[in-house]
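Below is one structure, written out as structure tokens, with a few remarks after it.
Just so it is clear, none of the values below were taken in a lab; they were calculated from the coordinates. This is a predicted model, so every value here is computed, not measured. Ideal geometry is used to build each Cβ from the backbone, glycine not excepted, and the neighbour counts take in all protein chains shown.
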Amino acid sequence: MQLTDNTIFITGGTSGIGCGLAEAFHKLGNQVIIGGRRKALLDEVTRANPGMRAVELDIADPASIERAAATLIADYPKLNVLINNAGIMPFDDLSGPVDDATAVSTIDTNLLGPIRMTAGLVGHLKRRPRAAIVNNTSVLAYVPLATSAVYSATKAALHSCTLSLRFVLRGTNVTVTAGLFPRGASPVTMTS
Ligand SMILES: NC(=O)c1ccc[n+]([C@@H]2O[C@H](COP(=O)([O-])OP(=O)(O)OC[C@H]3O[C@@H](n4cnc5c(N)ncnc54)[C@H](OP(=O)(O)O)[C@@H]3O)[C@@H](O)[C@H]2O)c1
């Protein structure tokens, strides 16, 4: 993916890796729009980075995703990059009772969220030159952490979906990447 001259939507841009990516892409002159639930943090990050924009988004809520996608397409017609970064990592222990609400929320946020967000924007992205979709997975997609089993499973599933998406978008202008952004390290991209 070209690192400049893009209009980029980053889910989970209010903290951590998403915020770091947003600021780095903003410094490179890209139009960056961040998404997240915490309005106060969206405002704080955009205030600190003049020109950066924000869209309220709960990636676990299909209606919120639909609203955000419609807003992005209407307000930022040059949008050409989607970075599916928002995620949660609860701990669990599959040897005992599992908290069902936590498991469902992890799957909604980490797996169905990126699938739905992509579905909401892929039609638009196919019409943009140099479009890209980046799914932030994890090394835990390959080697599960037994104490975050559901999280690890969502990242493995997201990696699988990324490969399928790349295949069905082959021959289009949309590149698809699984990105690993470990804390304290430079972004690493996986192309297979
Ligand atoms: N940290 C690592 O070492 C590491 C390594 C590999 C991969 N990852 C992946 O990288 C991504 C970011 O991790 P991080 O460590 O930067 O986490 P973080 O600091 O906890 O940030 C998570 C971000 O996701 C957003 N988010 C969570 N639930 C959301 C929801 N329902 N709707 C919208 N946004 C939501 C949060 O925004 P709001 O709370 O404002 O909504 C926040 O901006 C995750 O997908 C994670 O699995 C992390």
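Summary table below
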{"item": "Segment 26-46: number of residues that are more than 15 Å from the ligand (Cβ to nearest atom), in a helix (DSSP H, G or I) and surrounded by fewer than 16 Cβ atoms within 10 Å (Cβ to Cβ)", "result": "1"}
{"item": "Test: residue in segment 73-81 that is touching a residue at least 12 places away in the same chain (Cβ under 8 Å), closer than 30 Å to SER164 by Cβ, more than 13 Å from the ligand (Cβ to nearest atom) and touching a His at 6+ places or on another chain (Cβ under 6 Å)", "result": "yes"}
{"item": "So GLY13, is it within 13 Å of VAL55 (Cα to Cα) and either near the ligand (Cβ under 9 Å from one of its atoms) or among the hydroxyl-bearing types (Ser, Thr, Tyr) (or both)", "result": "yes"}
{"item": "Residue within segment 87-95 that is closer than 27 Å to SER152 by Cα, without any contact (Cβ under 8 Å) to a residue 24 or more places away in the chain, surrounded by fewer than 20 Cβ atoms within 10 Å (Cβ to Cβ) and away from the ligand (no atom under 15 Å from the Cβ) present", "result": "yes"}
{"item": "Residues located in segment 123-140, provided they are of a type in the set (Gly, Ala, Ser), surrounded by fewer than 23 Cβ atoms within 10 Å (Cβ to Cβ) and either without any contact (Cβ under 8 Å) to a residue 24 or more places away in the chain or in a loop (DSSP other than H, G, I, E, B) (or both)", "result": "GLY123"}
{"item": "Residue match in segment 109-122 (condition: more than 20 Å from ARG67 (Cα to Cα), outside any strand (DSSP E or B) and either touching a strand residue (DSSP E or B) at 6+ places or on another chain (Cβ under 6 Å) or in contact (Cβ under 8 Å) with a residue 12 or more places away in the chain (or both))", "result": "no"}
